[in-house]
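Notes follow the structure.
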Amino acid sequence: GQMQKLFDRLNEQVELRHSQQALLKNELELRSITENIEDVLIKTDLALCCTYVSPAINRILKMTAGRLLQMPVSALAHPDDAQGMDERLSAVAREGNAVKFECRVRSEQGGYIWAEVCGTPLKDNTGSFSGTILTLRDVTHRRMIDRQLAEERNFSSTILETVGSLIAVLTAEGRIIR
């Protein structure tokens with residue numbers, strides 16, 4: 001009896017040690033992911049205040065994660081975009097649906113970048129809404145390219161409309177088709 005109890009306790013200690021090691025490994029892997037991911041990850045509470053901000057905030061917006069804790073996530077948005085951000089993220093809580101939108105986000109230097117924001121509802125272990133999980137991705141460069149392409153298309157359309165009657169389509173032998 002006494003020997004069996006000792007053996008059982010020893011097994012429990014070994015299992016506990018294995019569980020602790022597995023938990024530590026998972027925590028280290030999660031930390032590695034959150035510290036190296038390009039997108040900013042933000043967790044908010046019910047009031048849409050930041051409770052976690054990933055280190056990527058330093059790369060993208062040049063600010064420390066701690067600076068945003070307990071601040072409304074909309075404090076990052078351009079003043080003209082803040083209300084829209086609040087409305088979209090509040091809809092996540094009301095409707096339980098994910099949202100995706102673009103808005104201007106303030107960097108520490110005072111300028112703004114364009115960010116794609118994806119928000120999903122966060123639920124606690126009872127299934128009740130407890131906040132949101134957000135990702136912020138810098139899309140400034142893509143928006144600049146899109147704008148340049150639109151300007152080029154506009155320019156090309158203007159030229160074609162202006163000289164359209166002067167354009168002829170030729171065959172390889174030089175005969176006019178149109």
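Please determine, in degrees from 0 to 90 and to the nearest 10, the orientation of helix 2-36 with respect to the longest principal axis defined by the Cα atoms of the chain, where the helix direction is its Cα long axis.
It works out to around 20 degrees.
Using a 10 Å Cβ count of at most 13 others and DSSP loop calls, identify the longest part of the chain lacking such GluC sites (Glu not before Pro).
39-107
Quick check: convex hull of the Cα atoms in the range 58-110, volume per residue, rounded to a whole Å³?
That works out to 92 Å³ per residue.
Compute the Rg/Rh shape ratio of the range 56-178: radius of gyration over Kirkwood radius, all on alpha-carbon atoms.
1.28
Taking all protein chains as present, what is the carbon and sulfur share of the accessible area of the range 1-102, in % to the nearest whole number, probe 1.4 Å?
Carbon and sulfur: 54 percent of the exposed surface of the range 1-102.
Got a number for the accessible area of K25? Probe 1.4 Å, square angstrom, nearest 10.
Only protein atoms counted, so the area is about 120 Å².
Using θ = phi - 60° and the Karplus curve 6.51 cos²θ - 1.76 cosθ + 1.60, what whole-Hz ³J(HN,Hα) does each residue of the range 130-141 get, with Gly and Pro shown as x?
Using θ = phi - 60°, the values come out as 10, x, 9, 10, 10, 10, 10, 10, 6, 10, 4, 5 Hz.
Starting from the 7 Å offset along Cα-to-Cβ, what nm value, one decimal, do you get for the label separation of D86 and N58?
3.1 nm
Accessible area per residue, 1.4 Å probe, Å², for the range 1-153: what's the number?
Solvent-accessible surface per residue comes out at 65 Å².
Taking 7 Å along the Cα-to-C-beta vector as the label spot, tell me the C49-R31 distance in nanometres, rounded to one decimal.
2.7 nm
What whole-number volume per residue, in cubic angstrom, does the convex hull of the C-alpha atoms of the range 5-80 give?
That works out to 113 Å³ per residue.
Let me confirm the definition first: pairs of Lys residues in the chain, 8 or more apart or on different chains, C-alpha distance under 26 Å. How many are there?
7
Expressed in nm², what is the orientationally averaged projection area of the convex hull enclosing the Cα positions of the range 99-150?
4.7 nm²
Return the FRET efficiency for the residue pair N11, V139: r is the Cβ-Cβ distance, R0 is 41 Å, and the value is rounded to the nearest 0.05.
0.15
Take every Cα pair under 8 Å in the range 47-178 that's 6+ residues apart, average their separations, divide by the length, and report that relative contact order as a whole percent.
15 percent
Given 0.36 nm per residue, what is the gain on full extension from A168 to C118 after removing their alpha carbon distance, in nm?
13.2 nm
Give me, ordered by chain and number, the residues 5 or more places off M71 or on other chains with an amide H under 5 Å from its own placed amide H.
Those lying under 5 Å, H to H, from M71 are C50.
Once both axes come from the Cα atoms, what is the angle between helix 79-95 and the longest principal axis of the chain, in degrees from 0 to 90, rounded to 10?
Orientation of helix 79-95: about 50 degrees from the principal axis.
Which is farthest toward the positive dipole end of the chain among G110, Q20, L170, measuring Cα position about the Cα centre, with Cβ charges +1 (Lys, Arg) and -1 (Asp, Glu)?
It is Q20, whose Cα lies furthest towards the positive end.
For T140, tell me the accessible area in Å² from a 1.4 Å probe, rounded to the nearest 10.
Surface open to solvent at T140 totals about 50 Å².
Along the charge dipole of the chain, which of I133, M63, C50 sits closest to the positive end, that is, farthest toward it, with unit charges on the beta carbon of Lys, Arg, Asp and Glu (+1, +1, -1, -1)?
Ranked along the dipole, the leading option is M63.
The values are calculated or read from the model by the stated rules, or taken from the named source; none is laboratory data. Note that the coordinates shown come from a computational prediction; the quantities given were computed from them, not determined experimentally. In this analysis, Cβ positions are derived from the backbone assuming ideal geometry, glycine residues included, and neighbour counts consider all displayed protein chains. For accessibility, only protein heavy atoms count, side chains too; no ligands or nucleic acids. Shrake-Rupley method; radii C 1.70, N 1.55, O 1.52, S 1.80 Å.
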